[in-house]
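The values are calculated or read from the model by the stated rules, or taken from the named source; none is laboratory data. Since the model is a prediction, treat every value here as computed from it, not as a measurement. No Cβ is skipped: glycine too gets one built from the backbone with ideal geometry, and neighbour counts run over all protein chains shown.
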Amino acid sequence: MTHAFETPLPRRQFLSTLLAAGGIWATPATWAQTQAAENSGRLVIVFLRGAYDGLSALVPHGDRNYYALRPNIAIAAPDGSPQTAIKLDDTFGLHPALAPLHALWQQGVLAVIPAAGSPNPTRSHFDAQHHWEIGLPGHSGAGAGWLNTLAGMRAKSPEKTTTSSAANALGVGEANPQILSGNAPVQLVPRGEAATRQGALGDARTRDAVMKLYAGQDGLSQAFRAGAESRMQTAQTLSNEMADPTMTAQEMQAANNGAGSAQGLLLDAQHLGTLMRRERNLRLGFLSAGGWDTHANQGAASGALANNLGNLASALVQLRRDFSQANDVVMVCSEFGRTSAENGTRGTDHGHGNALWLMGNRVNGGRWHGQWNGLAQSNLHEGRDLPVQHDFRGVFAQVLRRTQGLSNTDIERLFPGFAWDVALDGLMQG
C-alpha cells in the first residue's frame, strides 16, 4: 500500500493566506508547484568508498563480544572521558570523533540502521559499489545510476520553475560517479585527482555553469573563483599529501574508485550546499570520500579512522545547516562493512553488513532502527561479519516515499525487485 505524504491543513491555510495577502492569485499551476515542492525535499547521498568500519562509528558497547573480537582497536565503553564512546543508549555509542553529531541525535534528527547493506555477499569494492549505484545487487552489467534515473523523474515534476540549468542533480568531488550516470543531465564539480584528469573544472560547459553559480560575493564564492584557475595544481598537491602510506597506489585507487580523501569532504559539502541553494532545480546531491579501507593500523579513539570520522562529522554538521527544510534528508552509506574481529595488523578486512545513517526533520531520530542480534559468532555472516538485516533498497524506499512522494511503481523503476521492509516502517515520520 502506498502512503502518500499529505500536507497538514494548517499549512495549506497558511499558504493560501500568504498568497492572498501578497495580492497573488493562486492559479492551478502555482498551487501544483507548491504542493510538489512540499512533497519533494532535497536528498543528499554521502558515499564512503572503501567500506568504512561501522562498528567503530556506531560502537556496540553493550555487547561484550565486541571487546573480545577487538582487543586492540575497540572503542572503550562510555565513561564520560574524551577517549571513550559517547553513550546513545545501553546498546550503542558514538565514536568520540563523531561527538559533533551527538547534538543532532539529541535533537531527534539523526538516526541509524546498525545492520544494513546489499544482500549480495561480494567482498569486491568495485562490484559492491556498482550494485549500490545502479540499485541492482548482484548485477555486474551496465546500468544507469539510480540517482540519475530519479533526476530524470524529477525533471518532469511541476515544481521545476526555473530554466537556468537543465540539471536536477549535482555531484561534487568525483568526475563521473556511476550513481549519476545516465540519460538525465547532471551538474558535476570534480576536485582532487578527478579535477586533474578532467582539467580545471572539466569542459567549458561545466566550468561556465559552475562559475555562474559561484557569482555571489560571499566568502565561499570568492575563494572558489580565486582558486578555480589553479585547481589542477592544487589537486595534484592534495593527491600527494593525502595518500595513505599503508596502502599501495593500486589498492587505494581500487577502493576509492574515483573519490577524494575525507579531508576534502567539508569543503565539498560547502560547495554542494552553496550550489543547491542558488539553483532551485538542483534537488539531488551526491558526495563521496575515500580512504576507508583500513586493513592495517586502523586506530581506535585516535588514528587514521578517527581522523576520517572527524572529517565526516564536520561535513555532516555543515550539511545539516544547508539541508534542514521539512523534507530534506541526508544519507550516509558505504558498499559493505568490515570484519567484526580485528586482523593481525590491527585493522579490519572486508565484511558485509554496516551502519547506515539518516539525517533530517522527517527522520525519526535519536534512536536506531531495525534488527540487531549482537556479535556472538552464531549471529554473524559466515561467522565473521555483521549480517545484512535490511536491504539498502528498503531503506532508500522508506525515504523516497516519505520525502520525494514516490509510489511503489516509481521505486520499482529505481530498484527493480526491491521489497518493502515493514520492519523499518517507523523510520520516517508521517
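Among the conditions (1) outside any helix (DSSP H, G or I); (2) more than 18 Å from the chain's Cα centre (by Cα), Asp410 misses just one, which is (1). Kindly check whether there is at least one residue in the range 330-346 that is under 25 Å from Ile134 (Cβ atoms), at pLDDT 95 or above and of a type in the set (Lys, Arg). The answer is yes, given that some residue of the range 330-346 is under 25 Å from Ile134 (Cβ atoms), at pLDDT 95 or above and of a type in the set (Lys, Arg). When Pro78, Pro82 are checked against the criterion of being more than 30 Å from Phe418 (Cβ to Cβ), assigned to a loop (DSSP other than H, G, I, E, B), over 22 Å from the mean Cα position of the chain (by Cα) and modelled with pLDDT of 95 or more, a single residue qualifies: Pro78. From the list Gly291, Gly285, Gly303, the lone residue that is under 20 Å from the mean Cα position of the chain (by Cα) and on the phi > 0 side of the Ramachandran plot is Gly291. Quick test of your reading of the structure: Ile73 fulfils all but one of (1) closer than 18 Å to Leu309 by Cβ; (2) β-branched (Val, Ile, Thr); (3) out of contact with any strand residue (DSSP E or B) (no Cβ under 6 Å at 6 or more places or on another chain); (4) buried (at least 24 other Cβ atoms within 10 Å of the Cβ). Name the failing condition by number. Failing condition for Ile73: (4).
When each of Gly337, Gly291, Gly285 is tested for being touching a residue at least 40 places away in the same chain (Cβ under 8 Å) and under 21 Å from Met428 (Cα atoms), the lone residue that passes is Gly285. As a summary of the residue check, Ala166 satisfies the conditions (1) part of a loop (DSSP other than H, G, I, E, B); (2) over 19 Å from the mean Cα position of the chain (by Cα); (3) of a type outside the set (Asp, Glu); (4) modelled with pLDDT of 90 or more except for the one numbered (4).
Among the residues of the range 254-303, the one identified as farther than 20 Å from Gly337 by Cβ, at pLDDT 95 or above, crowded, with 19+ Cβ neighbours inside 10 Å and among the hydroxyl-bearing types (Ser, Thr, Tyr) is Thr274. Against the conditions (1) at pLDDT below 95; (2) closer than 21 Å to Gln389 by Cβ, Ala142 satisfies every one except (2). Taken over the range 337-360, the criterion of being touching an Asp or Glu at 6+ places or on another chain (Cβ under 8 Å), buried (at least 19 other Cβ atoms within 10 Å of the Cβ) and assigned to a loop (DSSP other than H, G, I, E, B) is satisfied by Gly337, Thr339, Ser340, Thr348, Gly351, His352, Gly353, Gly360. Here's a check for you: in the range 180-209, which residue that is part of a helix (DSSP H, G or I) and in contact with a strand residue (DSSP E or B) (Cβ under 6 Å, 6 or more places away or on another chain) is modelled with the lowest pLDDT? Among them, the one singled out is Gln198. Pull out all pairs, ordered by first then second residue, where Cβ-Cβ is under 8 Å, the residues are six or more apart or on different chains, the first lies in the range 78-100 and is closer than 12 Å to Leu58 by Cα, and the second is at pLDDT below 95. Listed pairs, sorted by first residue: Pro96/Pro82.
Cβ-Cβ contacts under 9 Å between residues 6 or more apart (or on different chains), taken from a first residue in the range 410-427 that is free of Cβ contacts under 8 Å to residues at least 60 places away in the same chain and farther than 21 Å from Thr149 by Cβ to a second residue that is among the polar types (S, T, N, Q) and surrounded by fewer than 16 Cβ atoms within 10 Å (Cβ to Cβ), are listed as Ala423/Gln371.
Selection of the range 249-307 for residues being of a type in the set (D, E, K, R), under 24 Å from Gln318 (Cβ atoms) and part of a loop (DSSP other than H, G, I, E, B) yields Glu279, Arg280, Arg283. Of all the criteria given as (1) out of contact with any Lys or Arg (no Cβ under 8 Å at 6 or more places or on another chain); (2) surrounded by fewer than 18 Cβ atoms within 10 Å (Cβ to Cβ); (3) not acidic (Asp, Glu), the one not satisfied by Gln325 is (1). None of Ala419, Ala423 is surrounded by fewer than 22 Cβ atoms within 10 Å (Cβ to Cβ) and in a helix (DSSP H, G or I) except Ala423. Screening Ala51 with (1) on the phi < 0 side of the Ramachandran plot; (2) crowded, with 18+ Cβ neighbours inside 10 Å; (3) part of a loop (DSSP other than H, G, I, E, B) gives one miss only, at (1).
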